[in-house]
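Presented below is the structure to which this report refers.
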Amino acid sequence: MGWAGRRRIVAAATAVAVAATVGVIAYRVLAPAEVSTPAQEGYPQRSTPTVGVTGRLPVAPLIVDGRLRVYAAPRQVYADQPVDSRSRNTPYWSFRRWPASLDAVVASGTTVVSRWSDGQLVALDARTGRVAWRAEGPPPASERTTRRTGTAVVWQPSGLSLGTTADGRQVVLTSGAGEVRAVDLADGGTLWQAAVDSGCREPVGTGPGGRLLTVDECAGPAVVEFRDVATGVVTARWRPLGAGDELTATLIGCGPGGAGCAALRTAGPGDGSAQGWLLGPDEPVQLPELDGPGTELVDDTVVNMVDGVLVGRVVPDGGERWRVEIGPGRLIAVQPGRVHVLTEANELVTLDPATGARLSGFVLDIGADGTGWAPGQAYAADGYLVLERLRRPVDPDGDDQRYYLTAEALIVAAT
């Protein structure tokens with residue numbers, strides 16, 4: 001063989017080697033991957049913060065077990081601590097997937113359940129960050145769009161919710177393209193799965209007595225469908241009195257992860273026809289005190305604010321329990337044992353839902369940020385309140401820099 005032939009062989013071999021190397025690199029970069037970084041420290045104690053503003057954050061947290069803040073990134077779920085830290089800290093633990101994107105997160109006790117764009121459910125032990133179990137589920141019906149704070153993923157996790165069966169077992173419910181599936185929160189075992197018509201029958205959440213509520217608009221006028229959380233069997237179909245062909249349903253008085261909601265508000269197009277209903281083991285019972293938008297239900301008390309006066313009413317008879325004059329403002333959130341009102345001056349006032357007694361009151365201000373902002377989404381849990389701060393005038397179509405007050409747009413307070 002001549003020199004020219006040997007050169008061609010060497011060149012070919014080199015090309016093959018280069019291609020193989022590029023292929024290995026591409027595989028390592030592009031192949032599906034997971035990176036789990038468990039906790040390196042012991043599980044933290046619960047914080048006992050002083051009442052008032054505790055910090056500000058760039059992204060929305062879930063407060064888990066009163067000890068951790070859990071966050072969502074496009075391809076990652078991670079936690080930091082302590083809960084009352086003034087700013088976001090180095091992750092306590094982290095879990096990342098690629099190329100799947102994070103779609104929703106819910107938590108119960110020390111279990112954090114994440115749902116991904118490929119439909120997979122991954123449960124993490126909040127104490128360690130290690131994977132507790134995995135389960136398959138339907139992929140989301142559509143790609144989720146969210147602003148940089150991620151509130152849509154952790155505070156309004158559509159397609160993922162928690163429920164409790166009639167015998168007390170906790171269940172994770174996931175819905176997506178044409179399917180609803182239930183898995184056991186303890187181990188991820190599938191309890192049932194049901195095919196549903198995509199786009200016209202979407203679960204809303206769970207009520208008391210182990211029932212999953214779904215608005216069915218597939219054939220004829222819309223109805224609310226009740227499905228047993230433990231078995232997936234449809235047990236009842238119900239239509240509000242006087243409802244038109246279109247129907248929206250909003251659950252009220254829910255626990256963490258949307259579990260065990262105590263009431264329902266139904267409406268047609270717009271808010272003028274809104275009706276409140278108390279949920280129980282039988283058909284919903286009409287409760288006019290829940291009709292108004294912005295009305296909340298907490299600890300068997302219906303709370304609403306009219307003309308600067310906050311009123312608490314007894315459930316189910318609607319009798320007035322207490323009345324407190326606060327001044328111009330709005331009811332922004334409730335949690336067990338607390339009702340949160342934000343005044344026009346951005347003072348946070350917290351009251352006891354049982355008595356109306358004032359528990360705390362302070363201005364939501366930190367650093368040099370001031371109070372010249374508008375409130376956005378709010379979240380309340382474990383005695384804390386987290387609130388988005390928006391730039392005035394609010395431009396819902398503006399980009400994130402225009403929409404939010406600062407890079408750390410969320411203010412955190414202990415109440």
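The values are calculated or read from the model by the stated rules, or taken from the named source; none is laboratory data. Treat the numbers as computed from the prediction; the structure is a model and nothing was measured. For neighbour counting, all protein chains shown are included, and Cβ atoms are generated from backbone atoms with ideal geometry for every residue, glycine included. Heads up: the accessible areas ignore ligands, DNA and RNA and are worked out on the full protein's heavy atoms, side chains in. Shrake-Rupley method; radii C 1.70, N 1.55, O 1.52, S 1.80 Å.
Applying 1/(1 + (r/R0)^6) with r as the Cβ-Cβ distance of Val51 and Glu344 and R0 = 35 angstrom yields a FRET efficiency of 0.95. For the pair Asp317 and Arg330, label points projected 7 Å from Cα toward Cβ lie 3.4 nm apart. Each label point was placed 7 Å from the Cα along the Cα-to-Cβ direction; for Asp167 and Arg392 their separation is 5.6 nm.
The mean sequence separation of alpha-carbon pairs under 8 Å and at least six residues apart, normalised by the residue count of the chain, gives a relative contact order of 11 percent. Here each label is just a point 7 Å from Cα along the line to Cβ, and for Ala368 and Val35 those points are 3.5 nm apart.
Which residue, Gln81, Gln120, Gln401, has the most motion in a Gaussian network model of the chain that connects Cα atoms within less than 10 Å? So, out of Gln81, Gln120, Gln401, the one fluctuating most is Gln401.
The chymotrypsin sites (Phe, Trp or Tyr not before Pro) of the stretch 262-371 include none that DSSP puts in a loop with a beta carbon having at most 16 other beta carbons within 10 Å.
Taking 0.36 nm per residue of sequence separation and subtracting the Cα-Cα distance, how much length would be gained by fully extending the chain between Glu283 and Asp400, in nm to one decimal? Kindly include the intermediate steps, with their values, before the conclusion.
Details: separation 117, 0.36 × 117 = 42.12 nm, distance 4.33 nm.
Fully extending the segment from Glu283 to Asp400 adds 37.8 nm.
With a 1.4 Å probe and all protein chains left in place, how much accessible area per residue does the stretch 266-371 have, in Å²? Kindly include the intermediate steps, with their values, before the conclusion.
Numbers: 4870 Å² over 106 residues.
On a per-residue basis, 46 Å².
Taking Cα atoms, how many degrees apart are the long axis of helix 3-30 and the longest axis of the chain, rounded to 10 and kept between 0 and 90? Its long axis makes an angle of about 10 degrees. Peptides 96-102, 48-54, ordered by how many other C-beta atoms sit within 10 Å of their residues on average, highest first, read 96-102, 48-54. One Cα centroid belongs to the stretch 118-177, the other to the stretch 252-323; the line between them spans 26 Å.
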